[in-house]
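This report concerns only the one structure given below.
We did not get these values from a lab; they are worked out from the coordinates using the rules stated. Since this is a predicted model, take the numbers as computed values, not measurements. Virtual Cβ from ideal backbone geometry, glycine too; neighbours counted across all protein chains shown.
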Amino acid sequence: MAKTSLCDAADQNLQTSLASFFRSMLGQDEISAIMAPMRLPAGDMVMQTLVTNPEQVDQIDPFAPAFPMNAARLVSRLTKRPAGGKVVVVLRPCEIRAHIELVKLKQGSMEDIVIAGIDCAGSFKNTDYKKFAEKDPETSTARFLKGVLSGETRFDGEVDLSAACRACTHMVPNGADLAIGIFGMDIDRQFLVSAETEKGEALFDKLGLKEQDAPGKREETIESLVAVREKFKNEMFEDTRSKTDTPEKLAAYLSGCINCYNCRVACPVCYCRECVFVTDVFDHDPYQYLRWARRKGKIRMPTDTVFYHITRMAHMSLACVGCGQCSNACPNDIPLVELFTATASQTQAAFEYEPGRSLEEEPPLAVFKEDEFAEVVEVKH
């Protein structure tokens, strides 16, 4: 059973209390650094920052509704080789799940890190976060949390939670060493810290945290939120599938694609060193474009956009954690996360596989099962 503790919120300020908590972590001899979302000097963006000085943790803001990148990519970089010290990494649930997938794919490690996972209340698109935060950067996270914990999904009358977050049912960190909880809590008074692994328990004890039970309404709050998001997700999937269920509809859905490949770059689990779409394979000769145009009378430029997305879906759907960074990175606001998660949900269900659920579950395409999909391959025993 996990150890839990209720940490007091000093001066009714969650961020100040979290800064003190992270400062105490950096005071431990075995902890060399903390990587966490930190509010930048301009105040209108939050980015992952590697902090080694305990006196510079005050602007760490893990619950800010800003999600400019999935930090699993950064954790992968930090853990591919020994870093020379142990790092606490503060991650959202989808970031933890993505890192677990990368570890399975030999793109990272669990060594030399302590994962501090947070309850995730969601985030805005990058541009929407700027609009929301610029009104009062210092109080923006508190305003957001008060709203979202009371059931709001629209803020200031114009800013919505991203579709990925409204459809996400993995709001509680799975796979963390330490978990920081806010659901079911009065965040003006307390936040929850729980140790989920032996590594987490060791740090829990060194921090001198007192064991206390989690509030009884925590599970009820989480279940209620999951039900709301599950409903939104099912409606989103149905709508997306109706818009993409023929080749013609899919082409129309992706018509704004300019082959910038931002979605591939932003995807935390897309890890190939060399992508086929940036090789000579798709560097067509000029005469080829004219030949295609003459055959059909016209061709859309740039070409290969639909093929690119179909290839990505085939390649990534089993590992997709639904973080929404593909949509966040798209310059033309194509609703990519809706398409990818709708596809991924079916692929993952077919293989009974949930990415990031466990380090012990091997990726399905890495495992041979003789009796798998017999109805497809028509193998009779």
**Request:** Restricting things to alpha carbons, tell me how big region 3-218 is in terms of Rg and Dmax, in Å.
**Result:** 16.3, 48
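What whole-number value in cubic angstrom gives the convex hull volume per residue for the C-alpha atoms of region 231-377?
On the way: hull volume 23.4 nm³, N = 147.
Considering the Cα atoms of region 231-377, their hull volume per residue is 159 Å³.
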**Item:** Radius of gyration, Dmax [the chain; alpha carbons; angstrom]
**Value:** 22.2, 75
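Please report the orientation-averaged projected area of region 292-337, defined via the convex hull of its C-alpha atoms, in nm². Each step should come with its number before you reach the end.
Working: hull surface 16.3 nm².
Computed as one quarter of the Cα hull surface, the answer is 4.1 nm².
For region 169-284, what is Rg from Cα atoms divided by 2.2 N^0.38 Å, rounded to two decimals?
1.66
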**Isotropically averaged projected area of region 76-202, using the convex hull of Cα atoms (one quarter of hull area), nm²** = 9.3 nm²
**Prompt:** Which loop-located GluC sites (Glu not before Pro) does region 268-360 contain, where loop means any DSSP state but H, G, I, E or B and the Cβ has at most 13 other Cβ atoms within 10 Å?
**Reply:** GLU274, GLU352, GLU360
**Prompt:** Hey, which lysines would be in cross-link range of LYS243, C-alpha to C-alpha under 22 Å, not counting anything within fewer than 8 residues on its own chain?
**Reply:** LYS231, LYS233
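Let me know the Kirkwood hydrodynamic radius for region 132-211, please, with Cα pairs as the basis and the value in Å to one decimal. Kindly include the intermediate steps, with their values, before the conclusion.
Numbers: mean 1/r = 0.0670 Å⁻¹.
Its Kirkwood hydrodynamic radius stands at 14.9 Å.
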**Item:** Backbone HN-Hα couplings from phi across region 124-137 [Karplus 6.51/-1.76/1.60, Hz, Gly and Pro as x]
**Value:** 9, 5, 4, 5, 5, 4, 4, 4, 6, 6, 5, 5, 6, x
**Message:** Helix 217-243 against the longest principal axis of the chain: what's the angle in degrees, Cα atoms only, rounded to the nearest 10?
**Reply:** 10 degrees
